[in-house]
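K.L.:
I have a structure here, written as structure tokens, and I will follow up with some questions on it.
The values are calculated or read from the model by the stated rules, or taken from the named source; none is laboratory data. Computed from a prediction, not measured in an experiment: that's the story for all the values here. Cβ atoms come from the backbone with ideal geometry, glycine included; neighbour counts cover every protein chain shown.
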Amino acid sequence: MRRPLAGIFFDAGNTLLVEEPGKHLWEMAMTPMADVVEVLTALKTRYRLGVISNTVGSGDAELADALEKAGILGLIDAMVTSRDFGKAKPDPAIYVEGARRLGVPLDETVMVGDRLDTDVAGALNAGIAGVWLRHPGAIPIPGIEPTHVIDRLGDLPGWLDATYVPDRQ
């Protein structure tokens, strides 16, 4: 039996945007990862989409600007940055806040991200599915078992369709 799904959270760096190590958001080129525009466009018709990002020198406004420069801000319904919220992944509170901002029940969300220790562990801590976007060379972390693993963002819609029923509000 497929469960209802109302919202999907994404990490920003190396999930939606190509991260440039050692640079702040405002210093990066803001290049979308492969398949991002197509995947977000397809999912937007069925789900509310959010971004939950651990940030240091940037907050909600800077993240919005970065997503705008990448051409994807219009596909995002809500965002939470750790700097402005005051708590970071893997703390479950940031996921609770993300669901509140999306206007969906937390238990009808999933998190997609490239980091097991923050994105996936945080989702699991919050009681929701954690999808690991596994990049080449990524190393599993003992004790952190993602709900699902994808090797490219383009694999996400098919898994969601097979696992969940859209509960678009």
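K.L.:
If you scan segment 128-152, which residues turn out to be of a type in the set (Lys, Arg) and touching a strand residue (DSSP E or B) at 6+ places or on another chain (Cβ under 6 Å)?
P.N.:
Arg134
K.L.:
Just give me the residues in segment 77-100 being under 15 Å from Ala6 (Cα atoms) and crowded, with 20+ Cβ neighbours inside 10 Å, in sequence order.
P.N.:
Ala78, Tyr95, Gly98, Ala99 - these are the residues of segment 77-100 that are under 15 Å from Ala6 (Cα atoms) and crowded, with 20+ Cβ neighbours inside 10 Å.
K.L.:
Kindly establish whether Leu153 is under 14 Å from the mean Cα position of the chain (by Cα), within 15 Å of Ala12 (Cβ to Cβ) and of a type outside the set (Phe, Trp, Tyr).
P.N.:
Yes: the conditions hold for Leu153.
K.L.:
Same structure, new question: Can you tell me which residues in segment 95-125 are within 20 Å of Glu145 (Cα to Cα) and β-branched (Val, Ile, Thr)?
P.N.:
Scanning segment 95-125 gives Thr109, Val110, Val112, Thr118, Val120.
K.L.:
Taking interchain pairs and intrachain pairs at least six residues apart, which have beta carbon atoms under 6 angstrom, with the first residue in segment 34-48 and of a type in the set (Asp, Glu) and the second assigned to a helix (DSSP H, G or I)?
P.N.:
Here the result reads Asp35/Leu153; Asp35/Gly154, each pair linking segment 34-48 to a residue that is assigned to a helix (DSSP H, G or I).
K.L.:
I've got another one for you. Say whether the condition of being outside any helix (DSSP H, G or I), touching a helix residue (DSSP H, G or I) at 6+ places or on another chain (Cβ under 7 Å) and modelled with pLDDT of 90 or more is met by at least one residue in segment 61-68.
P.N.:
The answer is no, given that none of the residues of segment 61-68 is outside any helix (DSSP H, G or I), touching a helix residue (DSSP H, G or I) at 6+ places or on another chain (Cβ under 7 Å) and modelled with pLDDT of 90 or more.
K.L.:
Let me ask something additional. I'm trying to understand the selection: among the residues of segment 11-41, which are of a type in the set (Asp, Glu), over 21 Å from Ala61 (Cα atoms) and exposed (fewer than 15 other Cβ atoms within 10 Å of the Cβ)?
P.N.:
Glu38
K.L.:
Further question on the same structure: Just the residues that are over 15 Å from the mean Cα position of the chain (by Cα), of a type in the set (Phe, Trp, Tyr) and either under 12 Å from Gly113 (Cβ atoms) or modelled with pLDDT of 85 or more (or both), please, taken from segment 5-42.
P.N.:
Passing the criteria: none in range.
Per-residue answers, yes or no, for (1) among the basic types (Lys, Arg); (2) touching a residue at least 60 places away in the same chain (Cβ under 8 Å); (3) more than 15 Å from Phe10 (Cα to Cα):
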| residue | (1), (2), (3) |
| --- | --- |
| Ala61 | no, no, yes |
| Gly103 | no, yes, yes |
| Leu106 | no, no, no |
| Ile128 | no, no, no |
| Asp167 | no, yes, yes |
